[in-house]
Amino acid sequence: MIIAIDGPAASGKGTLARRLAAHYGLPHLDTGLLYRAVGARCLKEGRLGDEGASVAAALSLDVSALDPDALRTAELGEAASVVAARPGVRAALLDLQRRFAAQAGGAVLDGRDIGTVICPDAPAKLFVTARPEVRAERRFRELAGRGETIAYDAVLADILKRDERDSGRSSAPLLKADDAVLLDTSDLGIEAAFAAALAIVEARR
Ligand code: C5P
């Protein structure tokens, strides 16, 4: 069983993906980490503006060495969305995502283009969203909890900018697949959102 979960930043898709993976005993890939790792490498080399460097970083990415805690910063979210707009970077990361999805028994993947590009045939697809102010509040708390001092207004501005870049790009824009079920988590707590997600997946199994 492949579960494909897409949605904008801080929509709750990551939490739901983790919970669903644990529930079904499936491996989970947070595909945002791949783009964050590519962005991190380019930033470190001072070559974020260099398309060739970002494609090379994507081609040589070591998935087993990803450090989620180090990668989930506001700065790397921004860098990720810059490199993610480049078709060569997306092409370089395609195979490893498809191979992850093809594991015997299935997998849960979350990102921006899982239901549309990576796993168009996944039986269970969710498009998770929430109002921008709600997403900014969640991200603000998450970053503050990890000691990142960044103002709420800056977090909201960052989220709106990333939404625009991720939705407006020509290569695999953030888009709900026609057969994905929309789940708005704005007014749902984690347990209620998980129950709703589980019901959607169960209906598609
Ligand atoms: O989900 P997360 O915030 O970690 O993603 C960081 C950035 O990576 C997104 O803003 C998006 O530009 C990019 N991304 C993508 N396709 C995916 C996952 C993430 O373009 N499947």
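A few remarks follow.
- Tabulated pairs, segment 67-87, first within 9 Å of the ligand (Cβ to nearest atom), second at pLDDT below 95 and of a type in the set (Ser, Thr, Tyr), C-beta under 7 angstrom, 6+ apart or interchain: Ala85/Ser171
- Residue in segment 102-124 that is nearest to Leu183 (Cα to Cα), counting only those that are buried (at least 21 other Cβ atoms within 10 Å of the Cβ) and away from the ligand (no atom under 11 Å from the Cβ): Ala124
- Any hit, segment 9-17, residues being aliphatic (A, V, I, L, M), more than 23 Å from Asp95 (Cβ to Cβ) and within 11 Å of the ligand (Cβ to nearest atom): yes
- Of all residues in segment 35-66, those being touching a residue at least 24 places away in the same chain (Cβ under 8 Å) and charged (D, E, K, R) number 2.
Conditions (1) among the small types (Gly, Ala, Ser); (2) part of a helix (DSSP H, G or I); (3) under 17 Å from Asp166 (Cα atoms), marked per residue:
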{"site": "Ala70", "(1), (2), (3)": "yes, yes, no"}
{"site": "Ala79", "(1), (2), (3)": "yes, yes, yes"}
{"site": "Ala85", "(1), (2), (3)": "yes, no, yes"}
{"site": "Arg90", "(1), (2), (3)": "no, yes, yes"}
{"site": "Asp95", "(1), (2), (3)": "no, yes, no"}
{"site": "Phe100", "(1), (2), (3)": "no, yes, no"}
{"site": "Val108", "(1), (2), (3)": "no, no, no"}
{"site": "Gly115", "(1), (2), (3)": "yes, yes, yes"}
{"site": "Phe127", "(1), (2), (3)": "no, no, yes"}
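- Verdict on Arg162 being modelled with pLDDT under 95 and assigned to a helix (DSSP H, G or I): yes
- Matching residues, segment 23-40, being part of a helix (DSSP H, G or I) and over 18 Å from the mean Cα position of the chain (by Cα): His23, Tyr24
- Ala57 fulfils the conditions (1) surrounded by 18 or more Cβ atoms within 10 Å (Cβ to Cβ); (2) part of a helix (DSSP H, G or I); (3) small (Gly, Ala, Ser); (4) within 13 Å of the ligand (Cβ to nearest atom) except for a single criterion, (4).
- Ser171 closer than 27 Å to Ala84 by Cα, modelled with pLDDT of 95 or more and in contact with a helix residue (DSSP H, G or I) (Cβ under 6 Å, 6 or more places away or on another chain): no
The values are calculated or read from the model by the stated rules, or taken from the named source; none is laboratory data. The shown structure was predicted, so the numbers you read here are calculated from the model rather than taken from an experiment. Glycine also receives a Cβ, built like all others from the backbone with ideal geometry; neighbour counts cover every protein chain displayed.
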